[in-house]
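Read-outs throughout are calculated quantities, based only on the coordinates presented, and are distinct from any laboratory measurement. Note that the structure is a prediction, hence the values are computed from the model and not measured. Here the Cβ positions follow ideal geometry from the backbone for every residue, glycine too, while neighbour counts run over all protein chains shown.
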Amino acid sequence: MSDLELNPLFARADEVTSFPRHRIPEVGSLPETAYQLIHDEAMLDGNARMNLATFVGTWMDDYADRLYSEAFDKNMIDKDEYPATAEIEDRCWRMIARLWNAPDPDHTLGTSTVGSSEACMLGGLALKRRWQHGRRETGKSTERPNIVLSSAVQVCWEKFCNYFEVEPRYVPVSEEHRVLDGHDLDSYVDENTIGVVVIMGVTYTGMYEPVAEIAEALDEIQSRRGLDIRIHVDAASGGMIAPFLQPDLEWDFRLPRVASINTSGHKYGLVYPGLGWIVWRTREDLPEDLIFRVSYLGGDMPTLALNFSRPGAQVLLQYYLFLQLGMDGYRRVQGATMDVARYLAGEIGKMPDFELWSDDPDIPVFAWRLVGEDARTGGGVRRGRKWTLYDLSDRLRMHGWQVPAYPMPDNLSDMTVQRIVVRNGMSHDLATLFVRDLRTCVHYLDGLDAPLPSSAVGGHGTGFHH
Ligand SMILES: Cc1ncc(COP(=O)(O)O)c(C=O)c1O
């Protein structure tokens, strides 16, 4: 590949006019020269406001931006250097522990992480370690741990199983059991099961898995088979929606079987990328030998995380939002986002080509498929339709909208869905414009004389995990 050329308008006399693409340049440049080049290239990234694919926050207000620029040098691990940030981290996870109805938030443990993926790894590790201790105490083998989860888990759980050598026991989703719902759980668990993962806000469809029903199924299994199996709730998105929009839904520490919960501060926590949270029900749910001590104001402070150094600024931003919005503000923001999601789902559900995957969104995320779809081609030619959801996704991109189409996981991998994630910042006006563009795209595709080449060969079809 050729070098990166600098626009002559910005080049100074005696300065470099090009940079090697994959090698550190021998000689440096003026800051403004390097800035201009990177600024221009980063412009090619999409318009985040029109990205209806991502869950991750892309906008914060001016005060948050100010705090961010005052704090981007803070290292979360350096509790001695940044005791105030460490104290604020502590306050934040205790606030979250209360939000999730932990029995004793002042005496449990939690931490910030870089995102839900790291938090899920920690949750899974605690389940595994606790199981290992129990097995060793009774002289039993710790060779073959397994964990039960839906086939629709986010990829971080596949990583957990792979990296930490735990057998995943996937319960497939189906038309009848659209989420993990406790059905047939009996045949998946045994004495080597370290836990069950329940998702509040399935990545593919936005649906909640019914934590209470699954806990009940596990209660029943315990009374019959003596297996005491705990739940980790992966509430990456729902953890910051359910407490505000569905406060009566019992999915959290109100259920005694729930050992730990994670969420992404950078999703519906409304913070910029780089923040997750995990809280354990009690200290006993997090085995002591997973905790490390770092020096903190001459004393010591428990820490647990996979990374050592990481940014501390996002933690301050989460605290800013807790103070600035309060419970009421979060209710209003999440409520407005949900209203837009309901509006969009309603409009899309009314269109004759589409069928919503669930009637009413749980989080402001919903998916749909084509009516009468020929599953393998993303909803092809049956009913005389010459286009697929992949074609529609491509077409919407021409209007600037990113709306992914992707196959469902096992056992529905023959089915293609399309999904919208509504985030704060997607206003009602923008949503109306989106619906207009969607109709234009469908109208265009309906007018085709023949299927587009990609539909004819059943193209696309890659997995989608965000
Ligand atoms: C259910 C679920 N768990 C975990 C993750 C991973 O979260 P993060 O991107 O914060 O690491 C996601 C991301 O979409 C998710 O939807």
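Net charge dipole, the chain: roughly 400 debye, given to the nearest 20, about the Cα centre with Cβ charges of +1 for Lys and Arg and -1 for Asp and Glu. Residues of region 120-134 with amide nitrogen under 18 Å from the 7 Å Cα-to-Cβ point of ASP190? Residues passing the 18 Å test: 131-132. Read phi for every residue in region 50-60 and hand back ³J(HN,Hα) as whole Hz from Karplus 6.51 cos²θ - 1.76 cosθ + 1.60, θ = phi - 60°, with x for Gly and Pro. Per-residue couplings from phi come out as 9, 8, 9, 9, 8, 8, 8, x, 10, 9, 9 Hz. Counting charges near ASP360 (Lys, Arg +1; Asp, Glu -1) among other residues having Cβ under 15 Å from its Cβ returns a value of -2. A viscosity of 1.002 mPa s and a temperature of 20 °C, combined with the Kirkwood radius over C-alpha pairs in the Stokes-Einstein formula, give region 253-300 a diffusion coefficient of 163 µm²/s.
By the equivalent-ellipsoid construction on the alpha carbon gyration tensor, region 65-321 comes out with semi-axes of 31, 21, 16 Å, ordered largest to smallest. Applying 1/(1 + (r/R0)^6) with R0 = 25 Å to the Cβ-Cβ distance of ARG332 and ASP62 gives a FRET efficiency near 0.85. Each part reduced to its alpha carbon centroid, region 37-113 and region 252-294 end up 15 Å apart. Beta bridges per DSSP, both residues in region 65-321: antiparallel share near 50 percent.
Ordering ASP391, ASP181, ASP190 from the fewest to the most neighbouring beta carbons within 10 Å gives ASP190, ASP181, ASP391.
At a Förster distance of 35 Å, what's the computed FRET efficiency of ASP73 paired with VAL27, Cβ-Cβ distance as r, to 0.05? Computed FRET efficiency for ASP73 and VAL27 comes out at 0.80. Residue-wise HN-Hα couplings along region 395-412, as the Karplus relation 6.51 cos²θ - 1.76 cosθ + 1.60 with θ = phi - 60° gives them from phi, are 5, 5, 4, 5, 8, x, 8, 9, 9, x, 10, 7, x, 6, x, 4, 8, 10 Hz; Gly and Pro carry x. With Cβ to Cβ distances under 10 Å as the rule, what net charge do the other residues near CYS156 carry (K, R +1; D, E -1)? Net local charge, CYS156 excluded: -2.
The 3J(HN,Hα) values that the Karplus relation (6.51, -1.76, 1.60; θ = phi - 60°) gives for region 301-318 are, in residue order, 10, x, 9, 8, 5, 7, 8, 9, 6, 6, x, x, 4, 4, 5, 5, 5, 5 Hz. Gly and Pro appear as x. Our estimate of slack between HIS428 and GLN222, defined as 0.36 nm per intervening residue step minus the Cα-Cα distance, is 69.3 nm. The GluC sites (Glu not before Pro) of region 63-130 that DSSP puts in a loop, and whose beta carbon has at most 16 other beta carbons within 10 Å, are GLU81. At q = 0.07, 0.12 Å⁻¹ the log10 of I(q)/I(0) for the chain amounts to -0.42, -1.12, computed by Debye summation with a single uniform scatterer per C-alpha, solvent ignored.
Under the rule a/c < 1.5 gives rounded, and otherwise a/b versus b/c splits prolate from oblate, where does region 1-45 land using the Cα gyration tensor? Judged from the Cα gyration tensor, region 1-45 comes out oblate (a/c at least 1.5, b/c at or above a/b).
Pair-distance distribution of region 337-456: all C-alpha pairs, bin width 5 Å, starting at 0; shares per bin in whole percent are 2, 12, 22, 26, 21, 11, 6, 1. All alpha carbon pair distances within region 222-355 were sorted into 5 Å bins beginning at 0; the resulting P(r) in whole percents reads 2, 8, 12, 16, 17, 15, 12, 8, 6, 3, 1, 1, 0, 0.
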